[in-house]
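Below is one structure; the comments refer to it alone.
A short reminder: the numbers here are calculations on the coordinates, not readings from a lab. Keep in mind that this is a model prediction, so the values were computed, not measured. Glycine gets a Cβ as well: all are built from the backbone with ideal geometry, and neighbour counts include every protein chain shown.
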Amino acid sequence: MNRKAIISLVLLALAGLALLASSSAVRGRAYGVYTRLRGRVTVEQRLAELGPRVRETFVAQCAEMGVAYPPASLTLLVLKQEGVLQIYAPTATGGTQCIAIYPILGASGSLGPKLREGDRQVPEGFYRIVSLNPNSRFHLSMELNYPNEFDRQAAVRDGRTNLGDDIFIHGGDASVGCIAMGDAVAELLFVAVADAGLQNLEVIVAPLDLRLEPLPAQLGGGWRDLLYAQVSERMAHLPLP
């Protein structure tokens, strides 16, 4: 058996291990080795690989909800307490529709914003996706622009430094400070976000669904009152699923 055939068999074995392993850590390590042996790929290559299969499912979902594909814009609403990510898009009639809801498989911390590096918190507020990583050790990942301007200004008011960074929505089922959605949903999000365009994306991370419940008193105070008032006002324009 020649060297090329051996490498192909190893890649297949690693890909199978990455898919079947019960531990997210094992899957991550197996996928990392697989990626290194396979070689790094571009966003375009990953879209060519995943796009036809993912779009077949997502286009049908959008059509059922009266949403054109690719959507003119996308809003990803992350609800910590409920443990879900909701996807919203504009309809042909000028409204806004929730087109999908997916469970969050892994996230750390508690309700409340991220304040510093190492606090294990998922940030809360309004964010953009600034880059797509087709070679993530968590299968695929999408980077948020944390800390944003509001985060930096709040830190100045508090006298905080070292706010942390590298916050992603990614595959897998475990995370520290990021949002793990599972590999299949990460693929769908990766393709949908790329097709809609990063400039047309909004990510809202909220401690809970403020359309249904008031903010717990212990989460407010100082600049947090302004943050959650803004989040609540924006969420009020998103219809409940």
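Summary of computed values
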| item | result |
| --- | --- |
| The stretch 112-117 - phi-based ³J(HN,Hα) in whole Hz, Karplus 6.51/-1.76/1.60, Gly and Pro as x | x, x, 7, 10, 7, 4 |
| HN-Hα J in Hz across the stretch 228-241 - Karplus 6.51, -1.76, 1.60, θ = phi - 60°, x for Gly and Pro | 6, 5, 5, 5, 4, 4, 5, 5, 4, 8, 9, x, 4, x |
| Nitroxide proxy distance, nm - points 7 Å out along Cα→Cβ at Asn162 and Gln199 | 3.8 |
| Relative packing of 41-51, 123-133, which averages over residues the other C-beta atoms within 10 Å, highest first | 123-133, 41-51 |
| Relative packing of peptides 172-180, 218-226, 83-91 - highest average C-beta neighbours within 10 Å first | 172-180, 83-91, 218-226 |
| Cβ-placed point charges (K, R +1; D, E -1), dipole of the stretch 45-235 about Cα centre in debye, nearest 20 | 220 |
| Distant alpha-carbon pairs in the stretch 28-166 (separation over 24 angstrom), percent | 47 |
| Peptides 210-217, 188-195 ordered by average Cβ neighbours within 10 Å, highest first | 188-195, 210-217 |
